[in-house]
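*Asks:* Right, I'll just put the structure down here and ask away after.
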Amino acid sequence: MKLATLNDGTRDGKLVVVSKDLTRCCAAGYIAPTMQAALDNWEQVAPKLEVLYTDIEHQAVPCERFHERDAHSPLPRAYQWADGSAYINHVELVRQARGAEMPDSFYHDPLMYQGGSDTFLPPRADIPLGDVAWGCDMEGEVAVITDDVQMGVSAEDAAAHIKLVMLVNDVSLRGLIPGELAKGFGFFQSKPSSAFSPVAVTPDELGDAWKDSLVHLPLMVDYNGEAFGRAEAGVDATFSLAALVAHAAKTRALGAGAIIGSGTVSNKGKDGGPGKPVAEGGLGYSCIAEIRMIETIASGEASTRFMQPGDSVKIEMRDDDNHSIFGSIEQTVVAV
């Protein structure tokens, strides 16, 4: 099934069930008022939401038009937002560009940071930027939402705790990252509010595209109206999303509604080296930093600039029939 949260003037929005084609929705308040409330009681609530989803598909209940612009991120705020590093190719490029070796541990012990989860941006909201020197970048990723996860869960068992899948633009301020990491305490100011896709879907909704806790479809990233990334989310993943959930839960339990991100979706080139831009027949990139790293490796310096006010990004994923699955994240950078 497909779920969304509509902006209704309240902090946590209104839960709705959305039709498969993303054209209609029905309020689910009599089942659960918010997405978090549904996740808190998922075993009892999910079957009722599934019945409503079926009724919507059969046009057995009155619906309203679903407009993606009216949607907030499925969880407008969350108790937990942790972003991982499923696609090590991205990390390899970053380290290669600055001449740093790749620790062997990165291939069996995922990188993960804890992001700010008190405010997320709606999927059609502007990205506020206080200073161009901060180096604003988009990061196209896949994210999952869990129910309650016990501490020490295995990756195999963690897969059953993944209740919803969505996309994310994990906004990064690249100019601030080096200074923060140099302090030895990790990201904070360099990771402002992220935005998630208008719709979150249950894994079964993805059909054969959901396999081994990965989405086996291209992540489509358009930058200023041009194809920028078409990376295959099911390829070149060192870690599955279930493995990242297990990593997050190694020393603590995760509460219902925890969001775990895949990290930037990134593919190697056909020859095993850096990927090529879409315009050159490659799969492109899911963030600007990656093409800058490739430029630095090739010529010694980056030529592609980071996002500036007026620049726009669109992130979505389509099924084999070219239908949007999650709706699209569409954001424009604005000066504040």
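*Asks:* Where residues in the range 9-45 are of a type in the set (A, V, I, L, M, F, W, C) and in contact (Cβ under 8 Å) with a residue 40 or more places away in the chain, which of them is nearest to Pro62 (Cα to Cα)?
*Replies:* Among residues in the range 9-45 that are of a type in the set (A, V, I, L, M, F, W, C) and in contact (Cβ under 8 Å) with a residue 40 or more places away in the chain, the one nearest to Pro62 (Cα to Cα) is Cys25.
*Asks:* Which strands (runs of 3 or more DSSP E) sit wholly inside the range 194-282 and have at least 2 residues that are of a type in the set (D, E, K, R)?
*Replies:* Here the list reads 226-232.
*Asks:* If you don't mind, there's one more thing I want to ask. Got a number for residues in the range 149-169 being more than 16 Å from Leu241 (Cα to Cα) and open to solvent by less than 20 Å² (accessible area, probe 1.4 Å)?
*Replies:* Counting residues in the range 149-169 that are more than 16 Å from Leu241 (Cα to Cα) and open to solvent by less than 20 Å² (accessible area, probe 1.4 Å) gives 1.
*Asks:* If you scan the range 77-115, which residues turn out to be among the aromatic types (Phe, Trp, Tyr), in contact with a strand residue (DSSP E or B) (Cβ under 9 Å, 6 or more places away or on another chain) and open to solvent by 20 Å² or more (accessible area, probe 1.4 Å)?
*Replies:* Scanning the range 77-115 gives Tyr79, Tyr113.
*Asks:* For the range 1-39, give me the residue count where each residue is among the basic types (Lys, Arg), assigned to a loop (DSSP other than H, G, I, E, B) and more than 20 Å from Ile325 (Cα to Cα).
*Replies:* Matching residues across the range 1-39 total 1.
*Asks:* A further question follows. Could you tell me whether any residue of the range 157-168 is in a loop (DSSP other than H, G, I, E, B) and modelled with pLDDT of 95 or more?
*Replies:* No - not one qualifying residue is present in the range 157-168.
*Asks:* Please identify the pairs in which a residue from the range 55-69 that is in contact (Cβ under 8 Å) with a residue 12 or more places away in the chain has its Cβ atom under 9 Å from the Cβ atom of a residue that is of a type in the set (Asp, Glu), counting only partners at least 6 apart or on another chain.
*Replies:* Once the first residue is in contact (Cβ under 8 Å) with a residue 12 or more places away in the chain and sits in the range 55-69, its partners that are of a type in the set (Asp, Glu) give Val61/Asp55; Glu68/Glu330; Arg69/Glu330.
*Asks:* Now, a different point. Just name the residue that is most open to solvent (accessible area, probe 1.4 Å) out of those in the range 304-329 that are under 22 Å from Thr202 (Cα atoms) and in a strand (DSSP E or B).
*Replies:* Per the stated criteria, the residue is Arg318.
*Asks:* Within the range 9-20, which residues are touching a helix residue (DSSP H, G or I) at 6+ places or on another chain (Cβ under 9 Å), farther than 16 Å from Gly257 by Cα and surrounded by fewer than 21 Cβ atoms within 10 Å (Cβ to Cβ)?
*Replies:* Within the range 9-20, Ser19, Lys20 qualify.
The values are calculated or read from the model by the stated rules, or taken from the named source; none is laboratory data. Predicted, not measured: the structure shown is a model, and the values here were computed from it. With ideal geometry, Cβ positions are generated from the backbone for all residues, glycine too; neighbour counts draw on all protein chains shown. All accessible areas refer to the heavy atoms of the entire protein, side chains included, with ligands and DNA or RNA removed. Shrake-Rupley method; radii C 1.70, N 1.55, O 1.52, S 1.80 Å.
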